[in-house]
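J.: Provided herewith is a single structure, encoded as structure tokens, for subsequent inquiry.
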Amino acid sequence: MLVVRELEVMYQGVIAAVRGVSLEVPEQSVVALLGANGAGKSTILRAISGLLRGQGGRITHGAVEYDGQPITTFDAARIVRLGIAQVLEGRRLFGALTVEDNLRAGAFAARDNAATRRAYGRVMELFPVLRDRRKSMAGYLSGGEQQMLAIGRALMASPKLLLLDEPSLGLAPVMVQHIGKIISEISAGGTAVLLVEQNAQMALTHATHGYVLETGQVVLDQPAADLLRDESVRTFYLGLHEEGGRANFATLRQRRPERRWAL
Amino acid sequence: MTTFIQLVFSGLALGCDYALIALGFTIIFKASEVINFAQGEFLLVGTFVVSVAMFTWRLGFFPALVIGIGVTSLIGVLFERVVLRRMIGRPPFNIIMVTIGLDVLLLTGVIILVGGRNPSSPVPFDTLSGFSIGGVEFGANAIASIVVTALVCLGLYIFLRYTRYGLAMRATAIDQEAARAMGIKISTVYALAWGISGAIATIGGIFLAAGAGNPSFDVTLGQSALVAFPAIILGGLDSIPGAVVGGIAIGLIYVLTQGYESGGFLGANFHLIAPYLVMILVLMIRPHGLFGTRKVERV
Ligand SMILES: Nc1ncnc2c1ncn2[C@@H]1O[C@H](COP(=O)(O)OP(=O)(O)OP(=O)(O)O)[C@@H](O)[C@H]1O
Ligand SMILES: [Mg+2]
């Protein structure tokens, strides 16, 4: 349903953050997008959701297609209405608003009241804790609750594709696992997920396919199960260091020249 | 005692005018972090248009009011669309200079149109009417100013609390990018803020023009908006309740010091600086004003 072709993104016309990335998110799938800090993961999500413009970024080459339609030039509001919702990195809740108002805001682009009611019911099903906290200020929720609210808020638009930017950030292992399960449930419910993560273990456990990004380029593009077994991914992302060194992914690649990444 | 009640009532009424003016600043600042230095001239333009509609075109007060509000809001929206939109991301100082430019432009425009004569204050009733109880005068203008301010606040509250676009405005004020991610158009929110602000300015301007029972007003009307500055700072720049409380507080301080200062050791014009002194004192204790936000965050 989502196809990104040879995407190039520049910030302020000079910083090339994404350099020729192609990727695909099929219907109802969970696709993981992994990469170190600054690799360009968030930039790709913003390019898809139309939020680049507010950041001084611009798509300089390539295209984003959704259900066969190029959406590269659409503004963010139109893209939300088409059925793509993004959960920003760091949750970005409206802290001074109640949980309920955050959810209402998430439904801003919803087609009608019936759709909003359905989405609300679904969010309460996925996150029962939010029901008890619905009159609390979002800013006072626990970290885990905040991430659930951030996801719930995006789901209020009844998206067909959910872009999730590092949902495990700053959460305890149990909560990370819980969020992982939620992601599987969301895709089982008919919403595809493009999942940006630093936590490769969690992401690849729930994803069907994975991409590894490095300085704005895709260096690995494989089924999630294969990536989970891949030596270099295990070493670099799963913390299973052989020598405990702080080797970066690039030097790992150089050390093992027999492996050729699809570039 | 009679004097005290009288002063409190007058102070409250004046404070409500200030509150209306302060609200205009606050709504724009909350939405877009722009301090609109042309707000004073919005008051003047709005009041002037209502006056022209009433006395030149011979319309009734309420149709004239609708036209005045429409014109002022439109100027605000157009200014946002045509000028400010291109300034997004520029340093605040540049944006402030542009709003000062608009201020001068609007003032000059009105001066040319007025042509040296003072326009009549557009009011729907005799400003000198009223009644008195136990020696306390309740002027019609003062009562109207209190009632209308209360209605404006109620209207704003309902709009912000219960409507879709009200929620969009509150969300945008907190986090623009997150709001955009929900499909909220920032340009619509800005336009709304400038429009509402222009409407409120028109209402505030009319009360200010009619304030002292003057049959006419002159082009310095806009400058009186500056008295709302201590009110905004006192309440906290980004707080709507703060604008109202700050406005009323400044009105009370002004009128009470004016009423009691004569013969006092502080001299005869102390009321002119009293609001600023209170503002400075409050800022020393609470740098964000009484109601200004520090972010709501879990610690
Ligand atoms: N608004 C911006 N203006 C200029 N450069 C930016 C901007 N946002 C990101 N960049 C740059 O683009 C590159 C990619 O950033 P991006 O945020 O997409 O990385 P990321 O993979 O999401 O990293 P992280 O894991 O830390 O979130 C980085 O070099 C970053 O400095
Ligand atoms: Mg990121």
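The values are calculated or read from the model by the stated rules, or taken from the named source; none is laboratory data. Note that the structure is a prediction, hence the values are computed from the model and not measured. Virtual Cβ from ideal backbone geometry, glycine too; neighbours counted across all protein chains shown. Ligands, DNA and RNA are excluded from the accessible area calculation, which covers all protein heavy atoms including side chains. Shrake-Rupley method; radii C 1.70, N 1.55, O 1.52, S 1.80 Å.
J.: In Å², rounded to the nearest 100, what is the total accessible surface buried by chains B and A against each other with a 1.4 Å probe?
T.: For B against A, buried area totals roughly 2400 Å².
J.: Would you mind pulling out the separation of the Cα centroids of the stretch B:95-152 and the stretch B:39-55, in Å?
T.: Centre-to-centre (Cα) distance: 8 Å.
J.: So, one more: Considering Cα pairs under 8 angstrom that are at least six residues apart, work out the relative contact order of chain A and quote it in whole percent.
T.: In percent, rounded to a whole number, it is 24.
J.: For A:LEU220, what residues show an amide H to amide H distance below 5 Å, using hydrogens built from the backbone and excluding near sequence neighbours?
T.: For A:LEU220, whose amide H was placed from the backbone, the distant partners under 5 Å are A:VAL212.
J.: For the stretch B:215-228, what does the Karplus curve 6.51 cos²θ - 1.76 cosθ + 1.60, with θ = phi - 60°, yield as ³J(HN,Hα) per residue in whole Hz, taken in order and with x for Gly and Pro?
T.: x, 9, 9, 10, 6, 7, 3, x, 5, 5, 5, 4, 5, 7
J.: Please identify which residues in the stretch A:20-49 have an amide N closer than 11 Å to a label point set 7 Å out from the Cα of A:ARG5, following the Cα→Cβ vector.
T.: none
J.: Between A:ALA16 and B:TYR162, what is the FRET efficiency for a Förster distance of 51 Å, r being their Cβ-Cβ separation, to the nearest 0.05? Could the numbers behind the result be given before it?
T.: On the way: r = 46 Å, r/R0 = 0.90.
Efficiency computed from Cβ-Cβ geometry: 0.65.
J.: Relative contact order, percent, of chain B when contacts are C-alpha pairs under 8 Å separated by at least 6 residues?
T.: It rounds to 34 percent for chain B.
J.: Okay, next question. If contacts are Cα pairs under 8 angstrom and at least 6 residues apart, what is the relative contact order of the stretch B:55-157 in percent?
T.: 18 percent.
J.: What distance in nm separates the simple spin-label points at A:ASP132 and A:THR72, each placed 7 Å from Cα in the Cβ direction?
T.: 5.0
J.: Which one of A:VAL193, A:VAL212, A:VAL129 has the biggest mean-square fluctuation once chain A is modelled by GNM with Cα springs under 10 Å?
T.: So, out of A:VAL193, A:VAL212, A:VAL129, the one fluctuating most is A:VAL129.
J.: For A:HIS209, list long-range residues whose amide hydrogen, built 1.01 Å from N in the peptide plane, is under 5 Å from its own amide hydrogen.
T.: Residues meeting the amide H criterion: A:VAL30, A:ALA32, A:ALA224.
J.: Something else now. Using only DSSP helix segments of four residues or longer, with each worth -39500 (n - 2.57), what per-residue ellipticity at 222 nm results for the protein assembly as shown after dividing by its residue count and rounding to 500?
T.: Per the formula, -17500 deg cm²/dmol.
J.: Same structure, new question: Skipping prolines and chain starts, which residues have an amide H placed within reach, meaning under 5 Å, of the one on A:HIS61, given they are 5 or more residues away or on another chain?
T.: A:GLU8
J.: While we're here: Residue by residue through A:84-97, how many Cβ atoms from other chains fall within 10 Å of the Cβ on average? Please report the intermediate quantities before stating the final value.
T.: Details: counts 0, 3, 5, 2, 5, 0, 1, 1, 6, 5, 11, 7, 8, 5.
Mean partner-chain Cβ count within 10 Å for A:84-97: 4.
J.: Same structure, new question: Scan chain A and hand back the longest stretch that contains none of the trypsin sites (Lys or Arg not before Pro) lying in DSSP loops with at most 10 other Cβ atoms within 10 Å.
T.: A:1-134
J.: A further question follows. Using 7 Å Cα-to-Cβ label points, what is the A:GLU231/A:ALA63 separation (nm, one decimal)?
T.: Placing both labels 7 Å beyond Cα along the Cβ direction yields 4.0 nm.
J.: Using only Cα atoms, figure out Rg for chain B and give it as a multiple of 2.2 N^0.38 Å.
T.: Values: Rg = 19.4 Å, N = 299, 2.2 N^0.38 = 19.2 Å.
Rg over 2.2 N^0.38 Å, computed on Cα atoms: 1.01.
J.: What are the ³J(HN,Hα) couplings of the stretch A:24-29, residue after residue, when phi is run through the Karplus curve with 6.51, -1.76, 1.60 and θ = phi - 60°? Round to Hz, x for glycine and proline.
T.: Here the 3J(HN,Hα) series is 9, 10, x, 3, 6, 8 Hz.
J.: Out of the chymotrypsin sites (Phe, Trp or Tyr not before Pro) in the stretch B:229-290, which ones are loop residues according to DSSP with at most 10 other C-beta atoms within 10 Å?
T.: Those that pass, being in a loop and sparsely packed, are B:PHE265.
J.: Could you tell me the center-to-center distance, by alpha carbons, between the stretch A:126-205 and the stretch A:1-73 in angstrom?
T.: 21
J.: Please check which bits of the stretch B:181-196 a label hung off A:LEU169 would reach, taking the label as a point 7 Å along Cα-to-C-beta and the cut-off as backbone N under 17 Å.
T.: Output list for this probe position: B:181-182.
J.: So, one more: Hey, what do the phi angles of the stretch B:244-252 turn into as Karplus ³J(HN,Hα) couplings, whole Hz, using 6.51/-1.76/1.60 and θ = phi - 60°, x for Gly and Pro?
T.: Residue by residue, the stretch B:244-252 yields 5, 5, x, x, 5, 4, 5, x, 5 Hz.
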